[in-house]
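Contents: one structure, followed by commentary.
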Amino acid sequence: KEVTNRDNKIEFFPINISNIKHKFVKKLNLYIYSKKELRERISQCDIVHINGLASYPSMQAIDIARSLGKRIICTSHYHPSYALSRPLLGELFYKLIVLRRLKHIDKLIAINKEEYELLHSKVKSCSIIPHWINSEDYHKTKIESNRDNAILFVGKVFKKHKRADFMHHVPNHYKVWYVSSQRMEDEKPNFVQFSNLSNTELSSLYEKAT
(Lines give C-alpha, C1' and ligand atoms only; values in the text may rest on other atoms or scores of the structure.)
Protein backbone atom coordinates (compact mmCIF):
# COMPACT_ATOMS: atom_id res chain seq x y z
CA LYS A 1 0.00 0.00 0.00
CA GLU A 2 1.07 3.56 -0.61
CA VAL A 3 0.04 6.93 0.80
CA THR A 4 1.44 10.40 0.23
CA ASN A 5 2.58 12.75 2.99
CA ARG A 6 3.76 16.23 1.96
CA ASP A 7 4.44 15.03 -1.58
CA ASN A 8 6.56 12.11 -0.35
CA LYS A 9 5.47 8.56 -1.07
CA ILE A 10 5.10 6.36 2.02
CA GLU A 11 5.12 2.61 1.54
CA PHE A 12 3.75 0.06 3.99
CA PHE A 13 5.31 -3.36 4.53
CA PRO A 14 2.86 -5.39 6.66
CA ILE A 15 4.53 -8.47 8.15
CA ASN A 16 2.44 -11.63 8.41
CA ILE A 17 4.21 -13.19 11.35
CA SER A 18 2.55 -16.57 10.78
CA ASN A 19 4.72 -16.95 7.65
CA ILE A 20 7.95 -16.57 9.62
CA LYS A 21 9.79 -19.65 10.87
CA HIS A 22 9.13 -20.15 14.60
CA LYS A 23 8.99 -22.62 17.46
CA PHE A 24 6.69 -22.94 20.46
CA VAL A 25 8.23 -23.27 23.93
CA LYS A 26 5.54 -25.11 25.86
CA LYS A 27 7.00 -24.61 29.36
CA LEU A 28 7.04 -20.84 28.88
CA ASN A 29 3.87 -20.74 26.77
CA LEU A 30 5.48 -18.51 24.13
CA TYR A 31 6.55 -18.47 20.50
CA ILE A 32 10.08 -17.60 19.41
CA TYR A 33 10.54 -16.43 15.82
CA SER A 34 13.53 -16.62 13.51
CA LYS A 35 15.75 -13.60 14.16
CA LYS A 36 17.16 -13.86 10.65
CA GLU A 37 13.75 -13.68 8.97
CA LEU A 38 12.51 -10.90 11.27
CA ARG A 39 15.67 -8.94 10.55
CA GLU A 40 15.23 -9.34 6.78
CA ARG A 41 11.73 -7.89 6.96
CA ILE A 42 12.41 -5.13 9.48
CA SER A 43 15.49 -3.98 7.54
CA GLN A 44 13.19 -2.86 4.70
CA CYS A 45 11.54 -0.21 6.87
CA ASP A 46 12.47 3.18 8.32
CA ILE A 47 9.74 3.11 10.97
CA VAL A 48 8.57 -0.09 12.66
CA HIS A 49 5.09 -0.27 14.18
CA ILE A 50 4.68 -3.06 16.74
CA ASN A 51 1.16 -4.02 17.73
CA GLY A 52 1.02 -5.31 21.31
CA LEU A 53 3.52 -5.51 24.15
CA ALA A 54 2.36 -8.69 25.83
CA SER A 55 4.16 -11.18 23.60
CA TYR A 56 7.73 -12.31 23.15
CA PRO A 57 7.76 -11.76 19.34
CA SER A 58 7.08 -8.06 20.04
CA MET A 59 10.16 -8.00 22.26
CA GLN A 60 12.19 -9.65 19.50
CA ALA A 61 10.97 -7.01 17.06
CA ILE A 62 11.96 -4.18 19.42
CA ASP A 63 15.46 -5.65 19.86
CA ILE A 64 16.00 -6.13 16.13
CA ALA A 65 14.57 -2.72 15.16
CA ARG A 66 16.81 -1.07 17.76
CA SER A 67 19.90 -2.93 16.48
CA LEU A 68 19.12 -1.69 12.96
CA GLY A 69 18.63 1.91 14.11
CA LYS A 70 14.93 2.01 13.20
CA ARG A 71 12.34 4.33 14.75
CA ILE A 72 9.92 2.29 16.86
CA ILE A 73 6.22 2.96 17.38
CA CYS A 74 4.22 0.60 19.56
CA THR A 75 0.50 0.30 20.24
CA SER A 76 0.57 -1.36 23.63
CA HIS A 77 -2.75 -3.26 24.06
CA TYR A 78 -1.41 -4.10 27.50
CA HIS A 79 -3.68 -5.91 29.97
CA PRO A 80 -2.95 -5.49 33.69
CA SER A 81 -1.50 -8.69 35.14
CA TYR A 82 -4.54 -9.41 37.32
CA ALA A 83 -6.76 -9.62 34.21
CA LEU A 84 -4.65 -12.33 32.58
CA SER A 85 -5.30 -16.07 32.73
CA ARG A 86 -1.83 -16.50 34.32
CA PRO A 87 -1.34 -13.33 36.44
CA LEU A 88 2.01 -14.27 38.03
CA LEU A 89 3.56 -15.14 34.67
CA GLY A 90 2.21 -11.89 33.24
CA GLU A 91 3.74 -9.85 36.06
CA LEU A 92 7.12 -11.56 35.67
CA PHE A 93 7.04 -11.05 31.90
CA TYR A 94 6.35 -7.34 32.37
CA LYS A 95 9.02 -6.75 35.01
CA LEU A 96 11.78 -8.94 33.58
CA ILE A 97 11.27 -8.62 29.82
CA VAL A 98 9.00 -5.71 28.85
CA LEU A 99 10.05 -3.00 31.29
CA ARG A 100 13.68 -2.68 30.22
CA ARG A 101 12.72 -2.40 26.55
CA LEU A 102 10.21 0.43 26.95
CA LYS A 103 12.95 3.08 26.93
CA HIS A 104 13.82 2.08 23.36
CA ILE A 105 10.32 2.85 22.04
CA ASP A 106 10.19 6.24 20.31
CA LYS A 107 6.42 6.59 20.47
CA LEU A 108 3.91 4.57 22.49
CA ILE A 109 0.20 4.58 21.65
CA ALA A 110 -1.96 3.77 24.68
CA ILE A 111 -5.54 2.69 23.96
CA ASN A 112 -7.02 3.89 27.27
CA LYS A 113 -6.26 6.02 30.32
CA GLU A 114 -5.21 3.00 32.41
CA GLU A 115 -2.50 2.04 29.90
CA TYR A 116 -1.35 5.64 29.72
CA GLU A 117 -0.99 5.91 33.51
CA LEU A 118 0.94 2.63 33.64
CA LEU A 119 3.35 3.29 30.78
CA HIS A 120 3.74 6.97 29.86
CA SER A 121 6.52 7.70 32.37
CA LYS A 122 8.58 4.77 31.07
CA VAL A 123 8.80 5.79 27.40
CA LYS A 124 10.12 8.77 25.46
CA SER A 125 6.70 9.85 24.24
CA CYS A 126 3.15 8.55 24.78
CA SER A 127 -0.26 9.46 23.41
CA ILE A 128 -3.75 8.05 23.83
CA ILE A 129 -5.79 6.94 20.82
CA PRO A 130 -9.00 5.70 22.49
CA HIS A 131 -10.28 2.22 21.67
CA TRP A 132 -13.65 2.77 23.25
CA ILE A 133 -16.86 4.66 22.55
CA ASN A 134 -18.68 7.31 24.53
CA SER A 135 -21.92 5.51 25.35
CA GLU A 136 -23.93 8.76 25.30
CA ASP A 137 -22.71 9.64 21.80
CA TYR A 138 -23.25 6.05 20.64
CA HIS A 139 -26.93 6.07 21.59
CA LYS A 140 -27.39 9.26 19.59
CA THR A 141 -25.81 7.71 16.51
CA LYS A 142 -28.21 6.57 13.83
CA ILE A 143 -27.47 2.99 12.75
CA GLU A 144 -27.17 2.68 9.00
CA SER A 145 -30.09 0.79 7.53
CA ASN A 146 -27.89 -1.39 5.32
CA ARG A 147 -26.21 -3.06 8.31
CA ASP A 148 -27.17 -6.53 9.47
CA ASN A 149 -28.74 -7.11 12.86
CA ALA A 150 -25.51 -8.61 14.19
CA ILE A 151 -23.06 -8.28 17.07
CA LEU A 152 -19.42 -8.99 16.12
CA PHE A 153 -16.84 -10.56 18.47
CA VAL A 154 -13.22 -10.91 17.35
CA GLY A 155 -10.88 -12.73 19.70
CA LYS A 156 -9.87 -15.95 21.42
CA VAL A 157 -13.10 -17.42 22.77
CA PHE A 158 -11.27 -20.00 24.88
CA LYS A 159 -9.47 -17.37 27.01
CA LYS A 160 -11.68 -16.42 29.96
CA HIS A 161 -10.30 -12.88 30.30
CA LYS A 162 -11.49 -12.09 26.75
CA ARG A 163 -15.05 -12.47 28.15
CA ALA A 164 -16.60 -14.12 25.13
CA ASP A 165 -19.19 -15.44 27.60
CA PHE A 166 -20.92 -12.05 27.38
CA MET A 167 -22.10 -13.09 23.94
CA HIS A 168 -24.48 -15.57 25.58
CA HIS A 169 -26.39 -12.62 27.02
CA VAL A 170 -27.07 -11.08 23.60
CA PRO A 171 -30.84 -11.20 22.87
CA ASN A 172 -31.86 -13.90 20.41
CA HIS A 173 -33.12 -11.42 17.82
CA TYR A 174 -29.48 -10.45 17.19
CA LYS A 175 -27.07 -12.59 15.22
CA VAL A 176 -23.77 -13.20 17.01
CA TRP A 177 -20.85 -13.34 14.59
CA TYR A 178 -17.59 -14.40 16.14
CA VAL A 179 -14.17 -14.65 14.54
CA SER A 180 -12.05 -17.33 16.21
CA SER A 181 -10.10 -20.47 15.38
CA GLN A 182 -12.06 -22.41 18.01
CA ARG A 183 -15.77 -22.91 18.46
CA MET A 184 -17.55 -21.21 21.32
CA GLU A 185 -18.94 -23.46 24.04
CA ASP A 186 -22.74 -23.80 24.33
CA GLU A 187 -23.43 -22.09 21.03
CA LYS A 188 -26.93 -20.69 20.61
CA PRO A 189 -28.84 -20.95 17.30
CA ASN A 190 -28.07 -17.31 16.48
CA PHE A 191 -24.27 -17.85 16.69
CA VAL A 192 -22.16 -17.93 13.50
CA GLN A 193 -18.42 -18.71 13.55
CA PHE A 194 -15.88 -17.29 11.08
CA SER A 195 -12.22 -18.30 10.83
CA ASN A 196 -9.21 -17.94 8.51
CA LEU A 197 -10.53 -14.68 7.10
CA SER A 198 -8.59 -12.38 4.83
CA ASN A 199 -8.27 -8.71 5.84
CA THR A 200 -10.87 -7.86 3.21
CA GLU A 201 -13.35 -10.40 4.57
CA LEU A 202 -12.82 -9.23 8.15
CA SER A 203 -13.26 -5.60 7.14
CA SER A 204 -16.54 -6.56 5.50
CA LEU A 205 -17.82 -8.06 8.76
CA TYR A 206 -16.91 -4.87 10.65
CA GLU A 207 -18.78 -2.86 8.05
CA LYS A 208 -21.92 -5.02 8.13
CA ALA A 209 -22.18 -5.58 11.89
CA THR A 210 -24.53 -3.39 13.89
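Scanning the range 149-199 for residues being closer than 26 Å to Tyr78 by Cβ, assigned to a strand (DSSP E or B) and not β-branched (Val, Ile, Thr) gives a total of 3.
Every condition in (1) more than 30 Å from Ser67 (Cβ to Cβ); (2) at pLDDT below 85; (3) under 17 Å from the mean Cα position of the chain (by Cα); (4) of a type in the set (S, T, N, Q) is met by Asn112 except one, and the failing one is (2). Lys188 meets the conditions (1) at pLDDT 80 or above; (2) more than 18 Å from the chain's Cα centre (by Cα); (3) open to solvent by 90 Å² or more (accessible area, probe 1.4 Å); (4) among the basic types (Lys, Arg) in every case but one. The failed one is (3). Can His120 be described as surrounded by fewer than 18 Cβ atoms within 10 Å (Cβ to Cβ), part of a helix (DSSP H, G or I), in contact with a strand residue (DSSP E or B) (Cβ under 7 Å, 6 or more places away or on another chain) and not acidic (Asp, Glu)? Considered against the rule, which asks whether it is surrounded by fewer than 18 Cβ atoms within 10 Å (Cβ to Cβ), part of a helix (DSSP H, G or I), in contact with a strand residue (DSSP E or B) (Cβ under 7 Å, 6 or more places away or on another chain) and not acidic (Asp, Glu), His120 comes out as yes. Taken over the range 115-143, the criterion of being among the charged types (D, E, K, R) and modelled with pLDDT under 90 is satisfied by Glu115, Glu136, Asp137, Lys140, Lys142.
Every residue, every condition in (1) of a type in the set (Val, Ile, Thr); (2) open to solvent by 100 Å² or more (accessible area, probe 1.4 Å); (3) without any contact (Cβ under 8 Å) to a residue 12 or more places away in the chain, yes or no:
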site	(1), (2), (3)
Glu40	no, no, yes
Pro80	no, no, no
Arg86	no, yes, no
Leu92	no, no, yes
Lys95	no, yes, yes
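Taking every residue in the range 194-209 that is closer than 24 Å to His173 by Cα and pairing it with any residue that is of a type in the set (Val, Ile, Thr), at least 6 positions away or on another chain, the pairs with Cβ-Cβ distances below 6 Å are Phe194/Val179.
The residues in the range 42-60 that are open to solvent by 30 Å² or more (accessible area, probe 1.4 Å) and in contact with a Lys or Arg (Cβ under 8 Å, 6 or more places away or on another chain) can be counted, and the count is 2. Regarding the range 113-123, can at least one residue be identified that is within 29 Å of Phe158 (Cα to Cα), touching a residue at least 24 places away in the same chain (Cβ under 8 Å) and not charged (D, E, K, R)? The answer is yes, given that some residue of the range 113-123 is within 29 Å of Phe158 (Cα to Cα), touching a residue at least 24 places away in the same chain (Cβ under 8 Å) and not charged (D, E, K, R).
The single condition among (1) open to solvent by less than 70 Å² (accessible area, probe 1.4 Å); (2) at pLDDT 70 or above that His161 does not satisfy is (2).
The values are calculated or read from the model by the stated rules, or taken from the named source; none is laboratory data. Just so it is clear, the model here is predicted, and its values are computed rather than measured. Neighbour counts run over all protein chains shown; Cβ positions are idealised from the backbone, glycine included. Surface areas here come from the heavy atoms of the whole protein model, side chains and all, with no ligands, DNA or RNA. Shrake-Rupley method; radii C 1.70, N 1.55, O 1.52, S 1.80 Å.
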